[in-house]
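Here is the structure we will look at, set down as structure tokens.
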Amino acid sequence: MPLNITPPLLNSSSPWATTIDDLRSLYECQYTGAVSTRTSLLKGGFNHDNAVHQYVFFDASNASPSVTPAASSKSQANGDAYSSAGGVSSLNTLGYSPIPLAQYCSMIKTVISTAQQGATREKPFIISVTGSAEEVAECFKMISATALRDGLPLHMEINLSCPNIAGKPPPAYNKDMLLEYLHLLAGVKTEHQSHTTGSHEVLVGIKTPPYTYMGQFQGLVDALAEAAQIFGGKCPVDFITATNTLGSSLILSGDGTPELNSEAGTGVGGMAGASLHPLSVGNVATIRKLLDQQEQLKGLEIIGVGGVADSDGFKRMRAVGASAVALATALGREGVGVFGKIAGH
């Protein structure tokens, strides 16, 4: 079953998809074809601290933060935001959502059941999750059971690419770590989806980090192909979201000190927005080409993410093979109205 994202435009998992109000605004926007949640954990919420977990917008032309408060609204669970006059990029030292998975399942049911008249009830939610391979398998069971019990159009995206968690490098940079997730995922999908076909089928994606050399791309595709071969020629992954933020990035304030705080105290975090756009477009193009070279992987779809803020960026992502296009930084700065702008309205 292919992803049904119509129109092919949505938000990516980000701080601007944290609360029920965030999700409701995204769901009721006529220019989004799906809604992604902020990444959640199976057991309890992430221990978010405004003094440590922060984000900033900056001008892509000179890597300097603006001092003008952003006009757009921001999630209640985040630090201060800034706007810039040039190409908009962002840096964050955020972790995951303070809201756990079970609560997101409940929130989504409320959003759909109380949607304004005329809002589609077929618009899917992509629930972003992370944790150990065993925890992610349990996440799938919970999401699949919720979709079947409540008749909700739900999919799951596994965030294997956050650069901001101390002592936990992104698993998607390591083939063996990725295979651990894929093996458990294939088993649990086989066990729990034999009776949940059609509109109740929960598709599963992985969110990848920005890859910078061919060995990283090949490791991803080799892991997917190996998993498909082991499990009867069908890959346990249905889509790839490319890309997450680029780690090891730093923005300095005017006095030369880090603009943000972070868990390590360095202010180093993940970069997104305009500065990331060429790399993200290149990742989508390369992954698409490699997937198409293997018969068992041709059916995987790609959600292109990274620096899209206008119709030209949207078209570039689509031109290199993205089935749908998602955005975060532009959403954080401009609010849900950015989707209408991209759609030409």
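What to note about this one:
- Residues (more than 24 Å from Ile302 (Cβ to Cβ) and in contact (Cβ under 8 Å) with a residue 60 or more places away in the chain) located in the range 31-47: Leu41, Leu42, Lys43
- Qualifying residue in the range 231-241 (condition: over 18 Å from Pro171 (Cβ atoms), modelled with pLDDT under 95 and either touching a His at 6+ places or on another chain (Cβ under 8 Å) or of a type in the set (Phe, Trp, Tyr) (or both)): yes
- Residues (more than 25 Å from Ile127 (Cα to Cα) and assigned to a helix (DSSP H, G or I)) located in the range 220-253: Asp222, Glu226, Gln229, Ile230
- Residue pairs meeting the criteria (Cβ under 9 Å; at least 6 apart or on separate chains; first surrounded by fewer than 19 Cβ atoms within 10 Å (Cβ to Cβ), in the range 271-292; second polar (S, T, N, Q) and assigned to a helix (DSSP H, G or I)): Leu290/Gln218
- Restricted to the range 103-134, and to residues there that are crowded, with 16+ Cβ neighbours inside 10 Å and assigned to a helix (DSSP H, G or I), the residue that is nearest to the chain's Cα centre (by Cα) is Tyr104.
- Scanning the range 135-177 for residues that are β-branched (Val, Ile, Thr) and either in a strand (DSSP E or B) or over 17 Å from Tyr104 (Cβ atoms) (or both) yields Ile158, Ile165.
- Selection within the range 168-204: residues that are modelled with pLDDT of 95 or more and closer than 16 Å to Ala147 by Cα. The member of this set that is surrounded by the most Cβ atoms within 10 Å (Cβ to Cβ) is Val204.
- Cβ-Cβ under 6 Å pairs, at least 6 apart or on other chains, the range 208-227 side under 13 Å from Asn283 (Cα atoms), far side in a helix (DSSP H, G or I) and β-branched (Val, Ile, Thr): Phe217/Thr286
- Residue match in the range 283-300 (condition: under 19 Å from the mean Cα position of the chain (by Cα) and outside any helix (DSSP H, G or I)): yes
- Candidate set from the range 1-55 (those that are assigned to a strand (DSSP E or B) and polar (S, T, N, Q)); member that is nearest to Val237 (Cα to Cα): Ser36
- Count - residues of the range 302-321 that are touching a residue at least 40 places away in the same chain (Cβ under 8 Å) and over 11 Å from the mean Cα position of the chain (by Cα): 5
The values are calculated or read from the model by the stated rules, or taken from the named source; none is laboratory data. Note that the coordinates shown come from a computational prediction; the quantities given were computed from them, not determined experimentally. Counting neighbours? That spans all protein chains shown, and the Cβs are built from the backbone with ideal geometry, glycine included.
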